Amino acid sequence: MSHLLTKEQLWDEHKMDWAGCEECPLHKTRKNIVLGEGDLDANFLFVGEAPGEKEDQTGRPFVGRAGKRLRKAIKKAKFKRFFISNVVSCRPPDNRKPTQGEVSRCGLRFRQLVEIIEPKIVIVLGKSAGEAIFMRFPSIKRIRGNLMRTYIGRNQYTIVPTFHPSYVLRSHDEEVAELFENDLILAKKALKSAT
Ligand code: URA
């Protein structure tokens, strides 16, 4: 798509537009809104559920324990241009799962993000992020290892579903860790067929 504004300008506008968002009750308890970070020309968009405590404190996505695990896998798989965000941009109290209402009120913000980045591949981290994008979503165990396609906003995207990195940590299961890392390799292979 050709834009009159550059991606940097669109992203700056996006940040200004959402900085004071009060669309849902999560704004009352958040310290910082976490819109995402990475390469605006990213081929890959990693999408998690919602910020946790560290993310809320810093305003950056995936910087806590789960984030370290995710970033380690991203480094190992040698991703070059990627962006990281969440389907919900404010921390739910006590890290509870965001409600359907919170997810849907954050939907416009999420779709705008995707339309700015226009990634080639969207990597869905966990069932909760999958449900926000697809409405109905099978368990990650069942669906992972497969490529999916769906619309986000105006365009269709290739989706790679995989485990949430906090599940990878919690499970203490080498096999889960290996499957998670294999899924990231699948995402890289999917880029080759998408371009
Ligand atoms: N978990 C998520 O889903 N997102 C984050 O940004 C951090 C932890």
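Beyond 22 Å, the tail of the calculated P(r) for the stretch 1-87 holds 32 percent of the Cα pairs.
Within the shell defined by Cβ-Cβ distances under 11 Å, the residues around K120 carry a net charge of +1, with Lys and Arg each +1 and Asp and Glu each -1. Averaging the Cα positions of each part gives two centres, and for the stretch 1-60 and the stretch 133-195 these lie 22 Å apart.
The reciprocal of the average 1/r between distinct C-alpha atoms defines the Kirkwood hydrodynamic radius, which for the stretch 60-112 equals 12.7 Å.
Using 1/(1 + (r/R0)^6) with R0 = 41 angstrom and r between the beta carbons of D17 and E175, what's the FRET efficiency to the nearest 0.05? Efficiency computed from Cβ-Cβ geometry: 0.45. For the peptides 183-192, 30-39, 137-146, 122-131, the ranking by packing is 122-131, 30-39, 183-192, 137-146, with the highest mean count of neighbouring Cβ atoms within 10 Å listed first. Using the Kirkwood formula on the Cα atoms of the stretch 106-160, what hydrodynamic radius do you get, in angstrom to one decimal? Result for the stretch 106-160, one decimal place: 11.5 Å. Using every pair of separate Cα atoms, the Kirkwood estimate puts the hydrodynamic radius of the stretch 125-191 at 12.4 angstrom.
Other residues within the sphere of radius under 11 Å centred on the Cβ of F180, judged by their own Cβ, net out at -2 (K and R +1, D and E -1). Every Cα-Cα pair of the chain was included, and the share exceeding 22 Å stands at 43 percent.
Every number here is computed from the coordinates shown, using simple stated rules; none is lab data. Since the structure is predicted, the reported quantities are computational estimates derived from the model, not experimental observations. Glycine gets a Cβ as well: all are built from the backbone with ideal geometry, and neighbour counts include every protein chain shown.
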